[in-house]
Structure formats: C-alpha cells, structure tokens
Ligand code: BES
Ligand code: MN
Ligand code: ZN
C-alpha cells in the first residue's frame with residue numbers, strides 16, 4: 001500500500017472514499033462539519049434521525065453525498081471527544097479500515113488523522129495511523145494453496161493534516177512509519193512460519209537476505225564449531241538434542257559515528273520449544289513455534305532501522321536453536337560451563353531460553369555496548385502476571401528502563417517494569433554448580449531475569465519478556481510483531 005499526506009478540505013477530494021469521524025453524542029468532527037456545509041446539511045440531517053450515535057465501533061457508509069467529488073463518505077464513530085486517548089485512536093483507525101475494506105474502494109482520504117488525541121501531535125497521529133493500517137491489513141497466506149483475491153483492493157491511502165505547514169514533517173512521519181511497518185511485517189512472517197520451515201538455518205538465511213537489501217547492514221553467522229571454540233556450552237546444550245544445527249546470527253547496522261558505542265539487541269530464537277526431556281504437555285504445543293519471536297523482533301527491528309537509514313550504531317545478536325528431546329539431549333541435573341566461566345545446573349530443560357541468552361549476552365561484551373536489550377518469550381509466569389497487554393521489563397539500569405517504558409507508551413506497544421531485587425537471586429542457589437537454571441514456583445519472570453542479570457554485569461542491560469505479547473492465541477492465532485514498534489521508537493529517540 002502506498003501512503004501519502006495531503007491538506008485541503010473534504011469537498012475538494014476526488015477519491016473513492018472519504019473517511020471522517022463522528023463523536024458521541026451525535027457530534028460532527030471538524031472534517032465532518034465541512035462536508036455538512038458543502039452538502040447542505042446532509043450529515044446533520046442524517047445524524048438527527050439517529051443513524052449513528054458516534055460510539056467507537058459504529059460506522060456508516062454514505063453514497064451520493066451532495067456537493068462532494070468523492071464516490072463515498074464513511075462516517076466512523078470516535079467516542080467522546082474529551083476521552084480520546086492513544087489506544088482509542090488506534091481502535092478507531094482499525095475500525096475505519098475494516099469498514100473501508102468492505103466497500104471495494106481502491107483509494108481513500110482519511111481525516112481521522114486530524115482528530116484531537118490528548119497530548120499527541122500530527123506526526124504521532126500519522127505514524128500510528130500508518131502503522132495501525134498496515135497492522136490491520138496484514139495477512140499470512142504463505143501456506144494456503146488457493147489464492148482467493150478480493151475483487152478490488154486498497155492501493156492508495158491518503159492521511160490529511162490541517163494545513164500545508166504540517167506537510168513536510170507529516171511526510172517524514174509517514175516514511176518512518178512505513179519502515180516500522182516493514183519491520184513488523186517481517187517479524188510477524190517469521191513468527192507465523194511453522195517450525196519445519198522456520199529453523200535456525202532459515203533465520204540465518206533471512207538475516208543474510210536483509211544484508212543484500214540494505215548496504216548499512218553487515219551479517220555474520222557463527223556455526224556450532226565456532227561457538228564451541230568460544231565455549232558457548234550453555235547455548236549448545238540446548239541444541240544438542242536436535243538434528244537442526246544451532247546458529248549465532250550477528251547483524252550490524254552502522255548508521256552512527258564511527259566510534260560511537262552501539263546498542264545491542266539480543267533476541268531469543270528457539271525455533272521450536274518442546275521443553276526437551278522436561279517435555280511440555282501436548283495442548284497448544286504448536287504455539288511453541290513462536291518461541292523465536294524475540295529473534296524475529298530483533299531481525300524486524302534491524303530491517304526497520306536499515307530501511308529508514310537510522311543514524312545510530314546497532315547490533316542484533318540472535319542465538320537460534322531448536323529444543324528437542326532425544327538420546328543426545330540434555331538431562332535434568334546436567335552441568336555446563338558457560339562462555340562467562342560460570343557453571344549452571346540444568347534442573348529443567350524447558351528453561352532453555354536463558355541458557356542460550358546467557359552466552360549471547362557474554363558474546364555482546366565484545367561490542368563495548370552503550371546498552372544491551374534482550375527480547376525473549378521467556379516465561380509462562382509473565383503471561384500470568386501481565387496477560388497479553390504489557391511486555392515485562394526488568395533492568396539493572398533505571399534510566400534505560402525509563403527510556404524503554406517511554407518508547408512503549410509512545411508506540412502503543414507498552415511494557416511494565418517488575419523488580420529485580422537481590423532478594424530474589426537466592427532462589428537460583430544450587431548445591432552442585434554456581435547456580436541452577438530455575439528458581440522455583442514463585443516469581444518466575446523475576447528469577448529468569450535474575451539468571452540473565454548474572455551475565456549482564458559489565459553493561460547497562462534491560463530484559464523484555466514478551467511471552468504474553470508476541471502472538472495472539474485462539475482462532476485469530478497470529479504473531480503481533482511486538483515489540484518492534486517499542487524497539488524502533490527507543491532507537492529513534494536515541495538517535496535524536
Ligand atoms: N518458551 C517458554 C515460555 C513460554 C511458555 C512462553 C508459554 C509463552 C507461553 C520457556 O522456554 C519455558 O518453557 N519456560 C518455563 C520456565 C520454567 C521451566 C522455569 C515456563 O515458563 O514454564
Ligand atoms: Mn521452554
Ligand atoms: Zn522457550
């Protein structure tokens with residue numbers, strides 16, 4: 001889809017569909033008022049008859065509106081004007097696209113980007129508008145044998161700004177949002193692919209493919225032999241039961257000053273998590289194909305920032321493995337020496353994410369990072385604590401945590417901080433090794449982060465637990481692409 005920014009009144013637009021808002025109770029938005037004036041009160045007459053109240057979720061399609069050059073006018077419920085916040089704005093955009101999609105319009109001009117959202121400017125409304133539209137239109141059809149095409153599809157979408165003054169910055173905001181959307185789409189595609197296709201090798205190939213598209217990106221893939229040399233025994237202990245070879249994917253985007261310290265993103269890439277010998281129960285085990293969504297978010301974010309040519313140095317590190325039970329798999333009680341030299345007693349082979357992340361964190365030291373952020377579908381406990389609305393955030397550096405929380409608010413991809421207090425560390429005590437890979441039933445998300453913190457002592461570090469936010473379950477099962485919007489916003493803010 002092609003996006004552009006325009007200013008000008010609705011009655012002058014030659015398009016298949018004009019989209020305007022109606023507030024509750026039966027109140028015309030500014031753009032609706034100008035249509036009303038041009039059409040000799042067509043809208044106020046219709047509203048007086050009670051056809052649309054303005055509640056969020058309502059919409060009404062009109063044809064042949066007098067005084068207009070467009071084929072249709074779509075009225076969209078926007079709720080009470082005073083209550084309009086960020087999430088409602090996105091919901092309104094979502095509703096408008098779903099309604100528009102039933103009309104067969106191939107292009108549209110939307111005035112919803114001129115609604116008043118508390119504390120947000122035009123650029124924000126355009127960015128979130130573009131990202132939300134792309135999000136709603138996303139479909140994953142790679143494995144459907146028949147290609148059912150709708151008779152007409154939306155090709156061109158215009159978002160409006162109130163005057164010519166906002167055109168340049170609006171264009172810029174739309175461009176950035178298109179890059180973010182590309183990253184989100186890539187991340188969702190990788191997540192949705194089944195584990196027999198999306199293997200560690202597939203992730204590596206996809207990363208290398210990106211390096212061919214963007215010249216700011218350099219990609220290197222470490223094979224098992226190289227990891228063995230680096231003594232990444234913890235990472236390798238997870239993949240030793242699988243026929244699929246492990247890969248360590250390293251992606252570098254050099255957009256900043258030559259010697260500027262990079263931000264390092266580390267993404268959990270377990271392409272399928274059976275649990276290993278500590279095998280998971282069968283129900284919903286298919287969803288463990290999504291256990292590489294942290295990796296997908298790193299690859300997606302690298303794609304987004306390369307696409308926008310971000311002026312910042314960023315490194316993506318993806319440890320990619322498959323966690324299987326077999327005669328060569330790790331057994332509960334096995335002990336391994338990590339790349340850091342610390343030893344781990346593997347009491348549960350299903351707590352494998354931390355086992356690959358710890359070596360990837362130690363590996364990250366070589367980049368002399370400004371900060372390291374890891375992203376992982378790490379604990380079921382996080383889903384219990386925060387559900388599917390917020391990503392869990394834990395950090396050893398509060399300013400970094402604050403920046404990430406703020407980026408989440410701005411991008412409507414929110415995170416919520418949990419404590420990383422020393423009191424929790426003792427839950428990892430082991431009689432045989434330096435520590436164990438599980439910390440008991442209590443505070444599972446925090447003890448997982450405590451484990452990681454032991455490999456993040458040399459830099460500012462934050463951990464994002466996306467177990468609840470990376471995909472939706474149920475009949476609309478689908479990867480969400482989270483937290484690519486949060487991460488790209490965080491990096492955009494850093495680049496200034
Ligand atoms: N990938 C899972 C976490 C997970 C489970 C994410 C369900 C989303 C939905 C992770 O590898 C895992 O199995 N974690 C265990 C840790 C436990 C053994 C300490 C868990 O959460 O049960
Ligand atoms: Mn697991
Ligand atoms: Zn896992």
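Just so it is clear, none of the values below were taken in a lab; they were calculated from the coordinates. Just so it is clear, the model here is predicted, and its values are computed rather than measured. Positions of Cβ are generated from backbone atoms using ideal geometry, with glycine treated the same way; all protein chains shown enter the neighbour counts.
Extension gain residue 116-residue 147, at 0.36 nm per residue separation less the Cα-Cα distance, in nm?
7.1 nm
Quantify how much of the Cα-Cα distance distribution of the range 153-260 extends past 24 Å, in percent.
49
With only alpha-carbon atoms in the gyration tensor, what are the semi-axes of the equivalent ellipsoid for the range 2-162, in Å, largest first?
25, 19, 15
If we sort 379-385, 482-488 on the protection proxy, mean other Cβ atoms within 10 Å, highest first, what's the order?
The most tightly packed comes first, giving 482-488, 379-385.
Applying a 10 Å radius around every beta-carbon, put 465-473, 362-370, 109-117 in order of their mean neighbour count, most first.
465-473, 109-117, 362-370
How big is D, in µm² s⁻¹, for the chain by Stokes-Einstein at 4 °C and 1.567 mPa s if Rh is the Kirkwood radius over C-alpha pairs?
54
Kindly express, to the nearest 10 degrees and within the range 0 to 90, the angle between helix 444-453's C-alpha long axis and the longest C-alpha principal axis of the chain.
Roughly 70 degrees between the two axes.
Kirkwood Rh over alpha-carbon pairs of the range 212-351, then Stokes-Einstein at 20 °C and 1.002 mPa s: what D in µm² s⁻¹, rounded to an integer?
132
Sketch the reach of a paramagnetic label on residue 33 as a point 7 Å from Cα along Cα-to-Cβ, and name the residues of the range 70-106 whose backbone nitrogen lies under 15 Å away.
Hits in the range 70-106 for residue 33 at 15 Å: 81-82.
Using just the helices of the chain, give the 222 nm mean residue ellipticity in deg cm²/dmol: DSSP H runs with n ≥ 4 each add -39,500 (n - 2.57), and the total is spread over all residues, rounded to 500.
-11000 deg cm²/dmol
Could you check the simple spin-label distance between residue 285 and residue 2, using points 7 Å along Cα→Cβ, in nm with one decimal?
Placing both labels 7 Å along Cα→Cβ, they lie 5.0 nm apart.
Before anything else, pin down the relative contact order of the range 204-340: Cα pairs under 8 Å, at least 6 apart, normalised by residue count, whole percent.
Contact order relative to length: 37 percent.
To check you understand DSSP bridge types, tell me what percent of the beta bridges within the range 179-495 (both residues inside) are antiparallel, rounded to 5.
Antiparallel: roughly 50 percent of the beta bridges in the range 179-495.
Compute the acute angle (0 to 90°) between the alpha-carbon long axis of helix 484-495 and the principal axis of greatest extent of the alpha-carbon atoms of the chain; round to the nearest 10°.
Taking Cα atoms only, the helix is inclined about 90 degrees.
Based on the alpha-carbon gyration tensor of the range 345-496, what equivalent-ellipsoid semi-axes (square roots of 5 times the eigenvalues) come out, in whole Å, largest first?
One finds semi-axes of 24, 20, 13 Å for the range 345-496.
Taking the simple approach of a point 7 Å from Cα along Cα-to-Cβ for both residue 102 and residue 429, what is their distance in nm?
So the two model labels end up 6.2 nm from each other.
What's the ranking of 426-432, 332-338 by average number of surrounding C-beta atoms within 10 Å, highest first?
So the order, starting with the most tightly packed, is 332-338, 426-432.
Enter the angle in degrees (range 0 to 90, nearest 10) between the Cα long axis of helix 398-410 and the first principal axis of the Cα atoms of the chain, meaning the one along which they spread out most.
It works out to around 30 degrees.
Please report the relative contact order for the chain, taking Cα pairs under 8 Å with a sequence separation of at least 6, and give it as a percent rounded to a whole number.
The value is 14 percent.
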